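Beneath this line is the structure, given in structure tokens, with notes to follow.
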Amino acid sequence: MAYSLPSSHEQDFMTLSPSQNPAQASGGGGGQSLWGVPSEILTLRENEMIFREGETPRGLYLLKSGAVKMVAKQTHARGRLSSPEYINKVVSPGELFGFKALVKGGTYDYFAKTLKASEIHVFPRETVQQMMSSTNPLVRMMLNQLVKDLEINESQNQTHYLASVQERIAHQLLALSDKFGTPTANGTSLNLRLTRHELAQLAGTINESLSRHLTELKDEGVLDVRGKEIVIKNREALVQKAGQGAEPQPVFRGPSIPGLDQ
């Protein structure tokens with residue numbers, strides 16, 4: 001998912017005069033404002049670290065020129081793993097990055113490093129957090145959900161990169177059951193009325209493979225399939241089928257909403 005600036009803003013950014021654009025006015029480390037927000041300029045060479053996993057955010061980053069890679073540690077380890085790292089994105093000029101930890105609070109769960117010589121605006125953390133806290137609660141809720149959706153997508157990309165078809169299906173069933181499952185005497189019922197085609201798309205496979213693996217899981221007593229309803233009878237076995245480290249992330253819960261929480 002790319003978080004590019006709107007085209008009008010990007011054009012404004014690229015055509016600022018030297019007096020307005022600190023990346024053009026300074027060789028690095030200068031402090032001026034961009035769109036009324038103070039920013040510092042980083043001028044980095046190729047292969048320089050911008051921030052590391054576990055660090056507290058310094059601010060919000062906006063790439064003026066160059067290229068930046070964002071890399072996470074593998075969370076889904078497999079025997080065939082070729083690298084302990086997984087590249088999530090290559091940031092291009094005009095794109096923001098490093099915002100997940102700002103929105104969530106906490107530290108970075110990945111690192112960012114330049115792929116070529118780069119100029120980067122850094123908007124101070126305190127300024128950005130103040131702007132977020134002063135906005136409407138609906139906007140804050142949207143930002144939190146966007147970050148959570150991005151994290152889920154990144155996790156699923158890692159799963160699809162490493163996992164077999166059966167592991168992807170099992171992982172998707174676990175994720176859906178955590179969000180929408182209903183406890184019954186026979187197990188957790190997943191009665192979303194998804195078509196086989198839709199479920200196959202979520203798991204990144206085709207209908208024929210999905211049907212074959214659902215039948216195998218049913219024969220092994222892990223699932224019960226009744227038309228469009230799927231009942232998870234043995235969650236522990238399904239977790240094993242999903243592969244090591246494949247438990248879904250905690251379900252995102254937004255802020256309480258008056259009238260909907262009763």
Can you bin the stretch 163-242 into rounded, prolate or oblate? Criterion: square roots of the alpha carbon gyration tensor eigenvalues sorted a ≥ b ≥ c, rounded for a/c under 1.5, prolate for a/b above b/c, oblate for the rest. rounded
For the pair GLU126/THR215, report the inter-label distance in nm, with labels modelled 7 Å from Cα in the Cβ direction. 6.5 nm
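Taking 23 Å as the cut-off for C-alpha to C-alpha distance, list the pairs among LYS148/LYS179; LYS218/LYS241; LYS89/LYS179 that go past it. Write out the running numbers ahead of the final one.
Numbers: LYS148/LYS179 14 Å; LYS218/LYS241 13 Å; LYS89/LYS179 27 Å.
Beyond 23 Å between Cα atoms: LYS89/LYS179.
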At the level of C-alpha centres, the distance separating the stretch 126-193 and the stretch 212-229, in angstrom, is 24 Å
For the stretch 133-192, rounded, prolate or oblate, judged on the Cα gyration tensor with a ≥ b ≥ c (square roots of eigenvalues), a/c < 1.5 rounded, else prolate if a/b > b/c? oblate
Can you compute the FRET efficiency between VAL239 and MET49 using 1/(1 + (r/R0)^6), with r the Cβ-Cβ distance and R0 = 41 Å? Round to the nearest 0.05. 0.70
Which of the peptides 113-120, 101-108, 193-200 is most tightly packed, and how do the rest follow, judged by the mean count of other Cβ atoms within 10 Å per residue? 113-120, 101-108, 193-200
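Which order do the peptides 163-171, 178-186, 92-100, 139-147 come out in when sorted by mean C-beta neighbours inside 10 angstrom, highest first?
Ranked by mean Cβ neighbours within 10 Å, highest first: 163-171, 92-100, 139-147, 178-186.
Where a number appears in this text, it was derived from the coordinates with a stated rule and is not lab data. Source: prediction; values computed, not measured. For neighbour counting, all protein chains shown are included, and Cβ atoms are generated from backbone atoms with ideal geometry for every residue, glycine included.
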